[in-house]
């Protein structure tokens, strides 16, 4: 599980979204010319694995698509934030939580991301309000994470968190990009693999500020040792 997104000024977001939409529309036109499946949006996992709407894509087209999208991020230089957790770290220690693992970990990842947002704002943009837009699929958990962060948000930077659908919010697509890249990077780091995907290399090489982290399995070991119990409404 990985939750990620970008922090930028209200003035810059329309520029990022416009350029992002233009690139997706370009790929749609290319698919029409080739009689291929139409893509509705950028979907990092499907594009990387040639699945769904990206079935039949060539490696060169896929790499170029990633390159053009990461360039949009590199040009605008938003703050990237992402946090990942491993399902097995939770379920191997708390087997009874297997059915609710997805919700539990989404909430934890969102909480950590929002805490990082507060820290970034406090250190770099004190007094600036932040509105959060997130995928509607985990709205209940996102709202709980938001409420959990508020007592630690000393500057009251976080104003609101709003569930959105991808059709109504272009910004969710670049959020999907950093979440996917962070998921891969954290997974490799856990396995002592120093390789970095080229798309992430381009972002890092452009001096885009990134806050990427993951929950170590020792956290769940500690919770188990303390006899932690999860309530049904947590």
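The values are calculated or read from the model by the stated rules, or taken from the named source; none is laboratory data. Keep in mind that what you see is a predicted model, and the values were worked out from it rather than measured. Cβ coordinates were reconstructed from backbone atoms using ideal geometry, including for glycine residues, and neighbour counts include every protein chain displayed.
One table, with the values for the structure above:
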{"read-out": "Any hit, the range 87-109, residues being in contact with a strand residue (DSSP E or B) (Cβ under 7 Å, 6 or more places away or on another chain), modelled with pLDDT of 95 or more and surrounded by 13 or more Cβ atoms within 10 Å (Cβ to Cβ)", "value": "yes"}
{"read-out": "Check on residue 89, within 21 Å of residue 175 (Cβ to Cβ) and either free of Cβ contacts under 8 Å to residues at least 12 places away in the same chain or in a helix (DSSP H, G or I) (or both)", "value": "no"}
{"read-out": "Conditions (1) in contact with a strand residue (DSSP E or B) (Cβ under 9 Å, 6 or more places away or on another chain); (2) in contact (Cβ under 8 Å) with a residue 60 or more places away in the chain; (3) farther than 26 Å from residue 218 by Cα; (4) not in a strand (DSSP E or B); number of the one not met by residue 139", "value": "(2)"}
{"read-out": "Of residues in the range 142-158 being in a helix (DSSP H, G or I) and touching a strand residue (DSSP E or B) at 6+ places or on another chain (Cβ under 6 Å), the one nearest to residue 105 (Cα to Cα)", "value": "142"}
{"read-out": "The listed residue being touching a residue at least 12 places away in the same chain (Cβ under 8 Å), in contact with a helix residue (DSSP H, G or I) (Cβ under 6 Å, 6 or more places away or on another chain), more than 30 Å from residue 155 (Cα to Cα) and not in a helix (DSSP H, G or I), out of 39, 72", "value": "39"}
